[in-house]
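First comes the structure, then the notes that go with it.
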Amino acid sequence: MGGASRNPKTQILVTLAMLCALAYATSLLRIPAISFLRYEPKDVVILFGGFIYGPLVVPIMSIIVSTIEMFTISNTGHWGLIGNVLSTCSFAVPASLIYNRRRSISGAIAGLSIGIFFMTVIMLLWNWLVVPIYLGMPREEIEPMLFTTFLPFNLIKGSLNTVLVILLYKPLVTALRKLRLIPHSTAVIYKHKT
């Protein structure tokens with residue numbers, strides 16, 4: 001057996017570093033969506049970390065990736081950093097919490113659905129509170145956008161993330177097992193826990 005397999009802490013750190021790098025790389029894929037909003041699939045990769053290691057890694061990964069993003073490609077400053085972390089955590093923490101308690105396809109779908117709900121509600125509140133300050137607009141001008149812009153954007157974003165997680169989680173876990181970065185016993189969402 002290799003050194004990585006004898007040192008689980010090293011395995012975890014290497015895997016999380018790889019996932020953070022991959023999440024940052026996917027944040028470069030900014031797809032214009034509604035109004036000034038853009039979709040990027042980094043939450044999918046961060047959620048993989050939560051599915052593998054539990055919900056506590058989600059805020060850590062999110063802060064690392066969003067901080068690097070703020071200093072390199074983002075022009076939204078600390079507001080963007082906070083909003084990114086809040087959006088990612090409100091989606092990925094509930095999803096990974098539920099999945100880690102019920103490692104099955106039904107557990108994944110339930111967790112992802114609840115994650116979409118939490119993210120949508122929390123980001124509606126965030127946009128209502130912060131966007132008027134960030135854009136220097138009266139709150140009355142932002143309020144109509146809550147249900148015509150921010151609500152559909154977050155529902156679409158959450159749905160796309162869900163589809164990508166369902167499609168990509170099993171191949172990712174298989175690849176990480178072949179690299180001996182995660183133990184073979186890590187459950188995959190396509191199999192019920194035995």
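The values are calculated or read from the model by the stated rules, or taken from the named source; none is laboratory data. Quantities reported herein were computed from a predicted structural model and do not represent experimental measurements. Ideal geometry is used to build each Cβ from the backbone, glycine not excepted, and the neighbour counts take in all protein chains shown. Calculation scope for accessible area: heavy atoms of the full protein, side chains included, ligands and nucleic acids excluded. Shrake-Rupley method; radii C 1.70, N 1.55, O 1.52, S 1.80 Å.
Using only Cα atoms, what is the ratio of the radius of gyration of region 65-194 to 2.2 N^0.38 Å? Kindly include the intermediate steps, with their values, before the conclusion.
On the way: Rg = 17.5 Å, N = 130, 2.2 N^0.38 = 14.0 Å.
So region 65-194 has a normalised radius of gyration of 1.25.
Using 1/(1 + (r/R0)^6) with R0 = 25 angstrom and r between the beta carbons of TYR39 and ARG180, what's the FRET efficiency to the nearest 0.05? Spell out each step's value before the answer.
On the way: r = 34 Å, r/R0 = 1.34.
So the FRET efficiency works out to roughly 0.15.
Before I look further, what does the chain give for accessible area per residue, probe 1.4 Å, in whole square angstrom?
Details: 10010 Å² over 194 residues.
Result: 52 Å² per residue.
For a quick check, take a GNM of the chain with Cα springs below 10 Å and name the residue from THR26, THR76, THR149 with the largest mean-square fluctuation.
Comparing THR26, THR76, THR149 in the GNM, the peak value goes to THR76.
Relative to the longest principal axis of the chain, what angle (0 to 90°, nearest 10) does the C-alpha long axis of helix 57-72 take?
That helix lies at roughly 60 degrees to the long axis.
With n ≥ 4 as the cut-off for DSSP H runs, can you work out [θ] at 222 nm for the chain, using -39500 (n - 2.57) per run divided by the number of residues, rounded to the nearest 500?
Working: 8 runs with 143 residues, N = 194.
Result for the chain: -25000 deg cm²/dmol, rounded to the nearest 500.
Cα axis of helix 105-135 to longest principal axis of the chain: angle in degrees, 0 to 90, nearest 10?
Taking the Cα atoms of the chain, the angle to 105-135 is about 30 degrees.
May I ask you to list the residues of region 127-141 whose amide nitrogen lies under 16 Å from a point 7 Å from Cα along the Cα→beta-carbon direction of HIS78?
Counting only backbone N, you get 130-131, 133-135.
Given just the C-alpha atoms of region 98-154, how large is their convex hull per residue in cubic angstrom?
On the way: hull volume 4.2 nm³, N = 57.
Output value, Cα hull per residue: 73 Å³.
If you line up the Cα atoms of region 50-126 on their principal axes, what length do they span on each, largest first, in Å?
The Cα atoms of region 50-126 stretch 39, 26, 15 Å along their principal axes.
Can you give the translational diffusion coefficient of region 1-130 in µm²/s, computed by Stokes-Einstein from the Kirkwood radius over Cα pairs at 20 °C and 1.002 mPa s? Intermediate values should be presented prior to the final figure.
Working: Rh = 15.3 Å.
D, rounded to a whole number, is 140 µm²/s.
At 7 Å along the Cα-to-beta-carbon direction for both LEU28 and ILE114, put a label point, then send me their distance in nm to one decimal.
About 3.6 nm, to one decimal.
Taking all protein chains as present, what is the carbon and sulfur share of the accessible area of the chain, in % to the nearest whole number, probe 1.4 Å?
Details: 7210 of 10010 Å².
Reported share for carbon and sulfur atoms: 72 percent.
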